[in-house]
Every structure is written in structure tokens, then in C-alpha cells.
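The values are calculated or read from the model by the stated rules, or taken from the named source; none is laboratory data. Quick caveat: nothing in here was measured; it's all calculated off a predicted structure. Cβ placement follows ideal geometry from the backbone for every residue including glycine, while neighbour counts extend to all protein chains displayed.
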Amino acid sequence: MMPELSGYELCRRIKADPTTATIPVLLLTARKEVDRTLEGFKAGADDYLMKPFNSRSFCRVRVQLKLVRWGVSRCSRRNGPC
């Protein structure tokens with residue numbers, strides 16, 4: 001937990017700013033409720049990783065970084081606004 005700003009709100013702010021909108025945001029949490037995951041994606045998260053982490057979890061991080069390297073942002077992978 002962050003003291004003054006939720007991860008969801010931080011994600012919304014990052015994605016709302018054109019200068020940071022293409023930065024991949026991965027939310028890391030111990031909460032496993034489906035509603036929390038959906039809230040993260042609605043906030044603009046590119047992925048959502050749940051504890052406990054393992055080596056396979058970080059393959060998803062590598063995928064997000066490769067997409068950025070290839071110039072494929074979340075915005076360009078779907079129709080509509082980012």
C-alpha cells in the first residue's frame with residue numbers, strides 16, 4: 001500500500017499524461033480478488049502481478065519491455081483511447 005496515493009490512481013495519472021502514457025505499468029499486489037485485477041486494468045495497467053512472485057511472473061515483465069522496445073504500446077494494441 002502506498003501512503004497517499006493508490007496504485008490505481010498513480011496508474012491513471014501516468015496514462016493520462018501524454019509524456020508518460022506509453023510507459024508500461026505493472027501493478028504488483030498481494031490481493032487476489034478478481035475485482036482488484038479488473039480495477040487495475042480499467043485504470044490503464046498493462047499487467048497485474050500477484051504475490052507470491054516466481055520466475056515465471058517476471059516473464060510477463062520482459063514481454064512488456066519487449067513491446068516497448070518494438071514500439072508497440074498499449075494504446076496501439078487496442079481500439080479507442082488509451
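Quick notes on this structure:
- Number of residues in segment 2-37 that are within 21 Å of Val63 (Cα to Cα), in a loop (DSSP other than H, G, I, E, B) and either at pLDDT 90 or above or of a type outside the set (Ser, Thr, Tyr) (or both) equals 5.
- Looking only at residues of segment 11-26 that are in contact with a Leu (Cβ under 9 Å, 6 or more places away or on another chain) and surrounded by 16 or more Cβ atoms within 10 Å (Cβ to Cβ), we find that the one that is nearest to Leu65 (Cα to Cα) is Pro24.
- Selection within segment 38-57 - more than 13 Å from the chain's Cα centre (by Cα) and in a helix (DSSP H, G or I): Ser57
- Top-ranked residue in segment 58-82 [being in a loop (DSSP other than H, G, I, E, B) and not charged (D, E, K, R); ranked as modelled with the highest pLDDT]: Trp70
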